[in-house]
Amino acid sequence: MELSKENSYTIEDIYALPEGQRAELIDGRIYMMAPPNFIHQKLVMELSSHIHQYIKKRKGDCEVVPAPFAVFLNKDDRNYMEPDISIICDKTKLTDKGCNGAPDWVIEIISPGTARIDYGIKLFKYRSAQVKEYWIINPLNRTANVYDFEYGETTGQYRFDESIPSCIYNDLNITIADLLLPQNI
């Protein structure tokens, strides 16, 4: 849900929100965030863990950070985002406050009411900020849209039961349905 204000909001307005209230700031507009549901959190945990184990096994340097985690996408005071999962390979971007600049890979999991933002506004913002790879996971229709911004390609839409290739890691493929077993939510 977007808050309206004649003047533009800044990161100071985000930090002034009541404790526990989460929101994102995109081009000076505040978008309130509802608490995530179980399947959302299950997907965040399983995907984060799977990607983290992949990187760790290969002794990689990238960090996998689930939300809530601040991403100061444009290094300005008008954009503050909390992607569901951020993979950051340039550790100079990391501070105690969050990530200054674009993560290498962002994963957003659709929640009721966020589809317009995730498929529209965030798709544009992440591409413009030079995120290399962007996944939009939709638990309702059990699909994942994968965008390869590094090479300027859209790699496609996948079902949860299909092997989904990562764009930034040549040998990483994820079958989301396998991560949700044994419940197969």
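Annotations for the structure displayed:
- Tally of residues being under 13 Å from the mean Cα position of the chain (by Cα) and not acidic (Asp, Glu) across region 131-148: 11
- Once region 76-88 is narrowed to residues that are in a loop (DSSP other than H, G, I, E, B) and in contact with a helix residue (DSSP H, G or I) (Cβ under 9 Å, 6 or more places away or on another chain), the residue that is surrounded by the fewest Cβ atoms within 10 Å (Cβ to Cβ) is Asp76.
- Residue check for Tyr134: surrounded by 20 or more Cβ atoms within 10 Å (Cβ to Cβ), touching a helix residue (DSSP H, G or I) at 6+ places or on another chain (Cβ under 6 Å) and farther than 21 Å from Tyr15 by Cβ: yes
- Matching residues, region 101-117, being surrounded by 17 or more Cβ atoms within 10 Å (Cβ to Cβ) and not aliphatic (A, V, I, L, M): Gly101, Pro103, Asp104, Trp105, Glu108, Ser111, Thr114
- Among the residues of this structure, Ile39 counts as one that is at pLDDT below 95, aliphatic (A, V, I, L, M), within 20 Å of Asn138 (Cα to Cα) and in a helix (DSSP H, G or I).
- Considering residues of region 39-54 that are surrounded by fewer than 18 Cβ atoms within 10 Å (Cβ to Cβ) and without any contact (Cβ under 8 Å) to a residue 60 or more places away in the chain only, the residue farthest from Leu73 (Cα to Cα): Gln53
- No other residue among Glu19, Glu24, Glu46, Glu12 is in a helix (DSSP H, G or I), closer than 27 Å to Pro112 by Cβ and not polar (S, T, N, Q) apart from Glu46.
- Residue match in region 112-123 (condition: part of a loop (DSSP other than H, G, I, E, B), among the polar types (S, T, N, Q) and at positive phi): no
- In region 118-130, residue surrounded by the most Cβ atoms within 10 Å (Cβ to Cβ) [restricted to those that are under 12 Å from Val106 (Cα atoms) and out of contact with any Asp or Glu (no Cβ under 7 Å at 6 or more places or on another chain)]: Tyr126
- Counting only residues that are within 17 Å of the chain's Cα centre (by Cα) and among the acidic types (Asp, Glu), region 57-101 holds 4 of them.
- Matching residues, region 92-110, being of a type in the set (S, T, N, Q) and either in contact with a helix residue (DSSP H, G or I) (Cβ under 6 Å, 6 or more places away or on another chain) or touching a residue at least 24 places away in the same chain (Cβ under 8 Å) (or both): Asn100
The values are calculated or read from the model by the stated rules, or taken from the named source; none is laboratory data. Just so it is clear, the model here is predicted, and its values are computed rather than measured. Cβ atoms come from the backbone with ideal geometry, glycine included; neighbour counts cover every protein chain shown.
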